[in-house]
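First the structure, in the form of structure tokens, and then the observations on it.
The values are calculated or read from the model by the stated rules, or taken from the named source; none is laboratory data. Because the structure is predicted, anything quoted here is derived from the model rather than measured. FYI the Cβ positions are ideal-geometry reconstructions off the backbone, even for glycines, and counts take in every protein chain you see.
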Amino acid sequence: PRVIRGVGFGGLLAHELALHLDSLSNNVGALALFEGFNVIRNMEPILAMLTGETAYDTCQAAMAMYPMIADSIGAKAPSLDEFATKLASISGFDGQLDYVSSFRPVGLSDAEWDIQVDTALSRLGFYKTVSDAYVPSDIFPGQTLVVSSSEDGKAILGPANVWEPIRFLVQPVSLHVLRETEKTAVKSSSLTRFVLDAVWRRRDAEQRATGVSAL
């Protein structure tokens with residue numbers, strides 16, 4: 001059976017792809033949704049400062065820019081949660097940009113840094129526009145697997161709600177909670193085994209159920 005996998009925003013694309021392939025071949029064994037590499041683990045401080053949509057917008061902006069921040073100063077970079085919380089505490093877009101500019105690497109001009117920031121936010125804007133407008137064409141009938149570092153079952157919400165358009169269409173899910181050693185290895189063999197084992201367990205269960213009904 002085919003397993004269609006999407007990471008972060010790519011989960012929406014994977015979902016639609018799974019629908020189309022399943023309608024053609026009926027051989028999609030599972031849809032696997034993988035949490036993104038840069039995901040805010042604790043949104044409570046941000047939600048305490050900001051209201052609903054504003055909080056999610058800030059979180060998404062922080063996640064979009066964080067790889068650039070981490071690359072620019074390496075080990076001295078704040079954690080993503082720290083960066084997002086500080087960003088949320090600053091009133092006004094100009095002040096937030098000033099805070100982001102404090103991470104500009106020595107030797108990089110203001111213009112070059114601005115281009116990097118604009119590129120990250122433009123990419124986010126495109127992803128957000130597409131995901132907000134996405135209306136699934138059907139309900140995926142196969143098994144959905146979620147790989148996340150969250151143990152509270154909220155993983156299906158996705159990074160800053162990016163999976164919102166499909167979260168009611170992919171229940172129930174099989175949740176695999178990442179061990180610490182797996183958090184930077186989405187392609188690890190243990191995750192592959194998790195996905196394939198879950199698919200085959202479902203297939204075996206379906207075959208047993210079919211055999212019973214046939215009798």
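Looking for whichever is in contact with a strand residue (DSSP E or B) (Cβ under 6 Å, 6 or more places away or on another chain) and buried (at least 20 other Cβ atoms within 10 Å of the Cβ) here; the options are Leu31, Leu17. Which one fits?
Numbers: Leu17 fails: buried (at least 20 other Cβ atoms within 10 Å of the Cβ).
When all the criteria are applied, what remains is Leu31.
Examine segment 76-96 for a residue that is touching a Phe, Trp or Tyr at 6+ places or on another chain (Cβ under 7 Å), among the basic types (Lys, Arg) and modelled with pLDDT of 90 or more, and state whether such a residue exists.
yes
When the residues of segment 94-116 are filtered to those that are among the hydrophobic types (A, V, I, L, M, F, W, C) and not in a loop (DSSP other than H, G, I, E, B), which remaining residue is surrounded by the most Cβ atoms within 10 Å (Cβ to Cβ)?
If we filter segment 94-116 for residues that are among the hydrophobic types (A, V, I, L, M, F, W, C), which is where we start, we get 97, 100, 103, 106, 108, 111, 113, 115.
Okay, now just the ones that are also not in a loop (DSSP other than H, G, I, E, B), so 97, 100, 111, 113, 115.
Values: Leu97: 14, Val100: 22, Ala111: 7, Trp113: 17, Ile115: 12.
Top of the filtered list is Val100.
Any residue that is surrounded by fewer than 19 Cβ atoms within 10 Å (Cβ to Cβ), among the basic types (Lys, Arg) and free of Cβ contacts under 8 Å to residues at least 24 places away in the same chain - is there at least one of those in segment 117-127?
No: zero hits.
Would a scan of segment 126-133 turn up a residue that is closer than 30 Å to Leu24 by Cβ and either touching a strand residue (DSSP E or B) at 6+ places or on another chain (Cβ under 9 Å) or not in a helix (DSSP H, G or I) (or both)?
No: segment 126-133 contains no residue that is closer than 30 Å to Leu24 by Cβ and either touching a strand residue (DSSP E or B) at 6+ places or on another chain (Cβ under 9 Å) or not in a helix (DSSP H, G or I) (or both).
Name the pairs whose Cβ atoms lie under 6 Å apart, with the first residue in segment 10-38 and modelled with pLDDT under 85, the second of a type in the set (Ser, Thr, Tyr), and 6 or more positions between them or separate chains?
If the second residue must be of a type in the set (Ser, Thr, Tyr), the pairs left are Glu35/Ser148; Asn38/Tyr66.
Say we look at segment 34-82 and pick out the residues that are of a type in the set (S, T, N, Q) and surrounded by 15 or more Cβ atoms within 10 Å (Cβ to Cβ); which of these is farthest from Leu13 (Cα to Cα)? Before you say what the answer is, go through the steps one by one.
Step one: filter segment 34-82 for residues of a type in the set (S, T, N, Q), giving 38, 42, 51, 54, 58, 60, 72, 79.
Now drop any that are not surrounded by 15 or more Cβ atoms within 10 Å (Cβ to Cβ), which leaves 38, 58, 60, 72.
Numbers: Asn38: 19, Thr58: 23, Gln60: 18, Ser72: 30 Å.
Ranking the qualifying residues of segment 34-82, first place goes to Ser72.
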